[in-house]
Amino acid sequence: MDQQRKHRILMVSDFFYPNFGGVESHIYYLSQCLLKLGHKVVVMTHAYGNRSGVRYVTNGLKVYYVPWRPFLMQNTLPTFYGTLPITRTILVRERISIVHGHQAFSTLCHEALMHARTMGYKIIFTDHSLYGFADVGSIHMNKVLQFTLADISQAICVSHTSKENTVLRSGITPERVFVIPNAVDTAMFSPAPNRLSCDEIVIIVVSRLVYRKGADLLVEVIPEVCHLFPNVRFVVGGDGPKRVRLEEMREKYSLQDRVEMLGAVPHSQVRSVLISGHIFLNSSLTEAFCIAILEAASCGLLTVLPDDMIVLAEPDPGDMVHAIGKAIHMLPNINPHVMHSRMKKLYSWHDVAKRTEIVYDCALQSSDENLLQRLPRYLKCGAWAGKLFGLVMIVNFLLWQLLELWQPAESIEEVPDLVLVQNEHEEPMQDFVEARD
């Protein structure tokens, strides 16, 4: 790759390993593929337990676990300006050129993007979820998103539905929003070597047991399916506040021998759970782009697009029972290894990285503007909110200038890049070398 096209990217989110979920997987796999394309990638997240400071993961991916503890649902406490010093230090030390934030309800993401824009960096935001417009939480989150996206370089959504949702919620112009879907690591999620017998149909559920994931629907669907199909058994992996309802349902209908509750399943063991079944049941009420569906389809389970690989249903127990019955009748015509091969061609993290690289190039081509040129964008966010957002940015700019006086950027030591050097046996060895321009 040409030196001029190499990017130095800071991925920011409250959600990263050792926590696990769709956002965490997206950041990790995207970062790994960007590293292979020759870019420098650094991740910034909050501390997890005793995991604090700087860590290196696979292929030399550098992770800053900043010393902030989660406040609610793995999110850090909003401070507006508390993260400015450490964010500035990381940006300068790593010589970052692009800041890429992930997930709308990540506090750390919003604050880091605000600080980076104040300092003149190009910023990208990826939205991974769908939100409503009527409840109090959604109204608050949509206003925060409007503030963040008011002065953003480019935005990415994981589906066209997600793009429409983000544009409506934030008011960002659709021309600045790219659609780049998620993908799946097909090497990790492969079918079982031998095809399972259809004498007993096993339906797999792997999900957080919360309202948004449709756990209440499962409480009504599972007993009805077990009544209609005596040869069906359920395996439910995951934990959450709705697990109690599923346990009560199992006791009420005496389904202990037909509904197995696994609890929380580590990601390293998800494949072993998936390949033990025939059908993957996803009951989520809202999904921007469900990576779990791709993982299940890659393992050969009937669940996902195109039409011959999925059975869709309305979020209604009766319709879901009918869809499960249809899926059971389709099973004899499903070849797991053929499905895996198709998924390998359809969804690739390398393709996602190349498309994201184009977004980075577009962001760097956008013009540089000072604070006075950017303030009118915040004032358009509402009669009162706009003035408040403008005031927040002015104060942030003044604090940044104070930091520049107290600790000039020139006094912050730039760190050498970690370069992986291959030995004669093609085994990666880590070696610290100074990056040369």
### Task
Using packing as a proxy for protection, rank 16-22, 111-117 so that the peptide with the highest average count of other Cβ atoms within 10 Å comes first.
111-117, 16-22
### Summary
Length gained if residue 403 through residue 173 is fully extended, taking 0.36 nm per residue and subtracting the Cα-Cα distance, is 79.4 nm
### Message
I want the local charge near residue 75. Using Cβ-Cβ distances under 12 Å, sum +1 for each Lys or Arg and -1 for each Asp or Glu among the other residues.
### Response
-1
### Per residue, in Å², the accessible surface of the chain once ligands and nucleic acids are set aside, probe 1.4 Å
47
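Report, in deg cm²/dmol and to the nearest 500, the calculated mean residue ellipticity at 222 nm for the chain, where each DSSP H run with n ≥ 4 adds -39500 (n - 2.57) and the sum is divided by the residue count.
Rounded to the nearest 500, it is -12500 deg cm²/dmol.
Stokes-Einstein diffusion coefficient for the range 142-183 at 10 °C in a medium of 1.306 mPa s, Rh from the Kirkwood formula over Cα pairs: what value in µm²/s? Walk me through the numbers on the way to the answer.
Numbers: Rh = 10.2 Å.
For these conditions, the coefficient is 155 µm²/s.
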### Query
If ligands, DNA and RNA are left out, what is the accessible area of residue 245 with a 1.4 Å probe, given in Å² to the nearest 10?
100
### Message
Springs between alpha-carbon pairs under 10 angstrom, Gaussian network model over the chain: which of 402, 30, 285 fluctuates most?
### Response
402
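How many percent of the accessible area of the range 201-346 is carbon or sulfur, using a 1.4 Å probe? Before the final figure, lay out the partial values.
Details: 3610 of 6750 Å².
So the carbon and sulfur contribution to the accessible surface is 54 percent.
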### Summary
Heavy-atom accessible area of residue 36, protein chains in place, probe 1.4 angstrom, given in Å² to nearest 10, is 140
### Query
Each residue of the range 268-276 in turn: what ³J(HN,Hα) in whole Hz from Karplus with 6.51, -1.76, 1.60 and θ = phi - 60°, glycine and Pro shown as x?
5, 9, 5, 4, 4, 6, 4, 6, 8
#### Entry: With every protein chain in place, the range 16-170: carbon and sulfur % of accessible area (1.4 Å)
63
### Gyration tensor (alpha-carbon) shape descriptor, the range 97-155, a/c threshold 1.5
prolate
#### Entry: Most fluctuating residue given options 182, 370, 75, as computed from a GNM of the chain linking Cα atoms under 10 Å
370
### Message
What whole-number volume per residue, in cubic angstrom, does the convex hull of the C-alpha atoms of the chain give?
### Response
160
## Note on the structure
Ranked by GNM mean-square fluctuation in the chain (Cα springs under 10 Å), the top entry among 194, 396, 335 is 194
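Any chance you could run the full-extension gain for residue 384 through residue 272? It's 0.36 nm times the residue separation minus the Cα-Cα distance, nm to one decimal. List each step's numbers first, then the result.
Numbers: separation 112, 0.36 × 112 = 40.32 nm, distance 5.32 nm.
Result for the pair: 35.0 nm of gain on full extension.
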### Summary
Plugging the Cβ-Cβ distance of residue 224 and residue 364 into 1/(1 + (r/R0)^6) at R0 = 60 Å yields, to the nearest 0.05, a FRET efficiency of 0.65
#### Entry: Distance from the range 147-179 to the range 267-306 (C-alpha centre basis), Å
27
### Query
At what distance in nm do the modelled label points of residue 413 and residue 319 sit from each other, each positioned 7 Å from its Cα along Cα→Cβ?
6.1
### Query
Rounded to the nearest 10 Å², what accessible area does residue 366 show when all protein chains are kept and the probe is 1.4 Å?
40
### Query
What distance in nm separates the simple spin-label points at residue 392 and residue 19, each placed 7 Å from Cα in the Cβ direction?
1.9
## Note on the structure
Note to self: C-alpha centroids of the range 100-116 and the range 337-378 sit apart, in Å, by 16
### Query
Cα convex hull of the range 201-346: how many Å³ per residue?
103
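Please say if the range 1-132 is rounded, prolate or oblate, where rounded means a/c under 1.5 for a ≥ b ≥ c the square roots of the C-alpha gyration tensor eigenvalues, and otherwise the choice is prolate for a/b larger than b/c and oblate otherwise? Show your work: numbers first, answer last.
Values: a/c = 1.40, a/b = 1.26, b/c = 1.12.
Rounded, since a/c falls under 1.5.
Given a Förster distance of 41 Å, report the FRET efficiency between residue 374 and residue 48 from their Cβ-Cβ distance, rounded to the nearest 0.05.
On the way: r = 34 Å, r/R0 = 0.83.
My answer for the efficiency is 0.75.
In nm, what is the difference between 0.36 nm times the number of residues separating residue 331 and residue 187 and their Cα-Cα distance? Let's see the in-between values first.
Details: separation 144, 0.36 × 144 = 51.84 nm, distance 2.36 nm.
Taking residue 331 through residue 187 to full extension adds about 49.5 nm, to one decimal.
Which FRET efficiency, nearest 0.05, do residue 212 and residue 71 yield, Cβ-Cβ r, R0 22 Å? Let's see the in-between values first.
Numbers: r = 20 Å, r/R0 = 0.91.
With a Förster radius of 22 Å, E is 0.65.
The values are calculated or read from the model by the stated rules, or taken from the named source; none is laboratory data. This structure is a prediction, so every number in the text was calculated from the model and none was measured. Because the Cβ atoms are built from the backbone with ideal geometry, glycine has one as well, and the counts that use them run over all protein chains shown. Ligands, DNA and RNA are excluded from the accessible area calculation, which covers all protein heavy atoms including side chains. Shrake-Rupley method; radii C 1.70, N 1.55, O 1.52, S 1.80 Å.
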